[in-house]
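Following: one structure in structure tokens, then a few remarks.
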Amino acid sequence: HFDYLLKQMKHFKGAKGKNCVILGPGAGLSRIVVIGLGKRDALTARTLEEAGGTIATQLAKEAVAAAAASGLSAEQAASLAFGAVLRGYRFDKYRTKEKTEDKPKLAKLTVLADDVAATRTAFSPMRAVADGVFLTRDLVSEPPNVLHPAEMAERCKKLTHLGLKVEVLGPKEMGKLGFGALLGVAQGSVNEPRMVVMHWHGAGARKGKHKPVAFIGKGVTFDSGGISIKPAAGMEDMKWDMGGAGTVIGLMAALAGRKAKVDAVGLVGLVENMPSGSAQRPGDVVTSYSGQTIEVINTDAEGRLVLADVLWYAQQKYDPQFMVDLATLTGAIIIGLGHEHAGMFANDDTLAERLAAAGKETGELLWRMPLGEAYDKQIKSEIADMKNVGGRPGGAITAAQFVQRFVNGKPWAHLDIAGTAWSTKDSAIV
């Protein structure tokens with residue numbers, strides 16, 4: 001068998017990202033897939049995750065398969081399994097006529113690790129992270145007639161089984177608070193808005209002794225553009241304009257699922273932006289929860305209005321250590337960075353550096369963009385404290401400048417994920 005394998009692999013050098021498929025020599029082996037990991041001293045968790053994803057892809061037509069992880073540490077073997085799990089995701093709940101031969105057959109993949117007990121221990125928190133990722137993918141994939149704000153809030157409430165505390169605020173509660181910016185976006189839709197607050201208290205004995213970290217998500221479950229309506233072509237993609245909120249929800253589920261030793265709060269503003277007789281008009285002036293007034297020039301610049309109220313609420317209510325907001329905020333960031341990096345804006349260098357490092361380690365790349373007074377002048381209004389757009393030049397930057405006006409001195413980072421929230425091509429683990 002060994003001689004047979006050597007002959008089949010004579011042109012395979014084991015380079016990272018390369019693989020070799022060999023017909024099995026018998027003895028119960030139908031196919032053997034050899035995955036290149038590159039140089040051992042350059043081996044990373046990300047490389048192993050991608051290898052696991054490649055294994056899952058190559059073995060998708062097998063009902064049962066095994067992956068040998070001999071020579072890898074428990075953590076490395078777990079990373080291999082983690083990648084395979086991520087790549088196995090499918091969203092097919094609305095397919096009623098898919099042929100059996102078109103469906104993946106792989107029902108069980110066993111990772112053969114040297115230390116099974118240690119690998120299981122290492123894999124457990126990764127499995128929780130995968131569950132959070134899948135929750136986010138499910139939310140972003142759902143059609144907008146199913147996942148309107150109230151339904152999305154209901155799905156958040158189901159996360160209490162993980163130990164999360166979940167609060168839901170409806171239009172009446174937000175109206176009493178003075179959420180004029182968020183409610184202005186929502187007023188054109190028959191689907192009423194929600195704000196959901198998810199709490200995770202994982203600091204143990206230190207519970208309540210220090211400030212939580214806060215994550216804020218834009219949750220526009222469908223964005224027609226409102227009165228400033230978008231072109232018809234591609235508008236169906238606007239179901240994923242809640243990708244920031246979907247990410248925050250999946251993040252909170254992952255923190256709870258892996259019992260993270262941190263106090264965290266996740267807040268999502270959920271609205272639908274529609275044109276109607278009751279919709280917000282260009283030229284309207286709204287008063288945000290912060291008391292600052294906003295002249296609405298373009299109703300399609302709505303996500304920043306949602307973030308304005310939720311960000312202010314997060315810092316007033318919870319006094320967090322720092323805040324990170326995630327939003328599919330601008331098409332301009334896609335023009336600037338394509339689909340390879342998310343845009344990062346921050347008022348704190350340490351926070352920005354930590355986020356960039358985490359992004360590099362996980363393959364979720366960030367590129368820091370500038371903030372500055374010159375850009376801020378572009379959103380000066382003649383009749384209100386600010387206007388919600390600053391023209392085409394630097395559109396992603398002026399949007400971030402707008403959001404920063406609702407950050408009252410807290411360390412803060414804004415991640416514009418418009419270019420990375422949805423992919424039209426496969427990757428090793430997606």
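The values are calculated or read from the model by the stated rules, or taken from the named source; none is laboratory data. It should be emphasised that the depicted structure is a prediction, and the values quoted were computed from it without experimental measurement. Backbone-built Cβ (ideal geometry, glycine too); neighbour counts: all protein chains shown. Protein only, heavy atoms only, side chains kept; ligands, DNA and RNA dropped before computing areas. Shrake-Rupley method; radii C 1.70, N 1.55, O 1.52, S 1.80 Å.
Some values worked out for this structure:
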| read-out | value |
| --- | --- |
| Of residues in the stretch 171-187 being assigned to a loop (DSSP other than H, G, I, E, B) and open to solvent by 10 Å² or more (accessible area, probe 1.4 Å), the one nearest to Thr293 (Cα to Cα) | Gly178 |
| Some residue of the stretch 361-379 being closer than 30 Å to Leu48 by Cα and part of a helix (DSSP H, G or I) | yes |
| Matching strands (runs of 3 or more DSSP E) fully within the stretch 245-348 where at least 2 residues are open to solvent by 50 Å² or more (accessible area, probe 1.4 Å) | 285-287 |
| Test: residue in the stretch 10-29 that is more than 23 Å from Ser73 (Cβ to Cβ), of a type in the set (Phe, Trp, Tyr) and modelled with pLDDT under 75 | no |
| Conditions (1) farther than 22 Å from Val306 by Cα; (2) open to solvent by less than 60 Å² (accessible area, probe 1.4 Å); (3) free of Cβ contacts under 8 Å to residues at least 40 places away in the same chain: number failed by Leu371 | (1) |
| Failed item, numbered, when Ile383 is tested on (1) of a type in the set (A, V, I, L, M, F, W, C); (2) open to solvent by 20 Å² or more (accessible area, probe 1.4 Å); (3) closer than 30 Å to Asp284 by Cα; (4) touching a Leu at 6+ places or on another chain (Cβ under 9 Å) | (4) |
| Residues (in a helix (DSSP H, G or I), out of contact with any Phe, Trp or Tyr (no Cβ under 6 Å at 6 or more places or on another chain) and surrounded by 13 or more Cβ atoms within 10 Å (Cβ to Cβ)) located in the stretch 72-115 | Ala74, Glu75, Gln76, Ala77, Ser79, Leu80, Phe82, Gly83, Ala84, Val85, Leu86, Arg87 |
| Residue list for the stretch 388-406, restricted to those being surrounded by 22 or more Cβ atoms within 10 Å (Cβ to Cβ) and more than 22 Å from Ile334 (Cα to Cα) | Phe406 |
| Condition check for Glu167: modelled with pLDDT of 95 or more, of a type outside the set (A, V, I, L, M), open to solvent by 50 Å² or more (accessible area, probe 1.4 Å) and assigned to a helix (DSSP H, G or I) | no |
| Evaluation of Ala65 against (1) in a strand (DSSP E or B); (2) over 22 Å from Ala117 (Cα atoms) (one fails), failing number | (2) |
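Condition check ((1) over 24 Å from Leu23 (Cα atoms); (2) within 27 Å of the chain's Cα centre (by Cα)) across all residues:
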position: Glu50; (1), (2): no, yes
position: Ala63; (1), (2): no, no
position: Leu72; (1), (2): yes, no
position: Glu75; (1), (2): yes, yes
position: Val85; (1), (2): yes, yes
position: Glu98; (1), (2): yes, no
position: Lys103; (1), (2): no, yes
position: Leu109; (1), (2): no, yes
